[in-house]
Amino acid sequence: MIGELLVSDIKAPGSEALVARAVLRDIRHTPQKARRVVDLIRGSRVDQALAVLKFAPQAAGQDVYNLLASAVANAKQKNPAIRDESELWVIEALVDEGVTMKRFRPRAQGRGFRILKRSSHITVVVSDTKKGATK
């Protein structure tokens, strides 16, 4: 998977960086609209990213907020020494295209127009070092 290849580059020899991820699959937001939200948090500190997502006016903001909170919980499960979100960074945030449902809408003179209902796969990776942050 693409995310695992990028995450493996952040580990420096001799030091183990904590890396935790969370994946949300087949969410009913178009990838284009979900990327607008994910671009706001990529490379930022987790506590700041949660604050941005909490007040984001986009519909996907609440889902990405819950996903980021899940990634933080995964990181705390891996390393109980992490006290709060301010110690973590969002090093990777991806939106991939999911399943597209095809529907037809009746139009004039017996025609039918296709409607594409798109979905997304959203992946968020957090780490205790900023070294692997993508631009």
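Residue by residue through the stretch 31-73, note down the ones that are of a type in the set (V, I, T) and surrounded by 20 or more Cβ atoms within 10 Å (Cβ to Cβ).
V37, V38, I41, V46, V64, V72 - these are the residues of the stretch 31-73 that are of a type in the set (V, I, T) and surrounded by 20 or more Cβ atoms within 10 Å (Cβ to Cβ).
With respect to the numbered conditions (1) at positive phi; (2) touching a His at 6+ places or on another chain (Cβ under 8 Å), which one is the sole condition not fulfilled by G110?
Here G110 clears every test but (2).
Among the residues of the stretch 85-109 satisfying the criterion of being in a loop (DSSP other than H, G, I, E, B) and in contact with a Lys or Arg (Cβ under 8 Å, 6 or more places away or on another chain), which is farthest from D47 (Cα to Cα)?
T100
Report, by residue number, each residue of the stretch 89-109 that is within 30 Å of A20 (Cα to Cα), among the aliphatic types (A, V, I, L, M) and either loosely packed, with under 11 Cβ neighbours inside 10 Å or touching a Leu at 6+ places or on another chain (Cβ under 8 Å) (or both).
Across the stretch 89-109, the qualifying residue is only V90.
Tell me which residues, restricted to the stretch 110-135, are at pLDDT 95 or above, assigned to a loop (DSSP other than H, G, I, E, B) and surrounded by 14 or more Cβ atoms within 10 Å (Cβ to Cβ).
R118, S119 - these are the residues of the stretch 110-135 that are at pLDDT 95 or above, assigned to a loop (DSSP other than H, G, I, E, B) and surrounded by 14 or more Cβ atoms within 10 Å (Cβ to Cβ).
Pairs needed: first member in the stretch 29-49, among the hydroxyl-bearing types (S, T, Y); second member anywhere, in a helix (DSSP H, G or I); C-beta distance under 8 Å; at least 6 residues apart or different chains.
S44/V52
Could you grab me the full set of residues in the stretch 31-75 that are closer than 20 Å to K131 by Cβ and of a type outside the set (A, V, I, L, M, F, W, C)?
Selection gives R42, G43, S44, R45, D47, Q48, N74.
The values are calculated or read from the model by the stated rules, or taken from the named source; none is laboratory data. All values derive from a computational prediction rather than experimental measurement. Cβ sites come from the backbone with ideal geometry, for glycine too, and all protein chains shown count toward neighbours.
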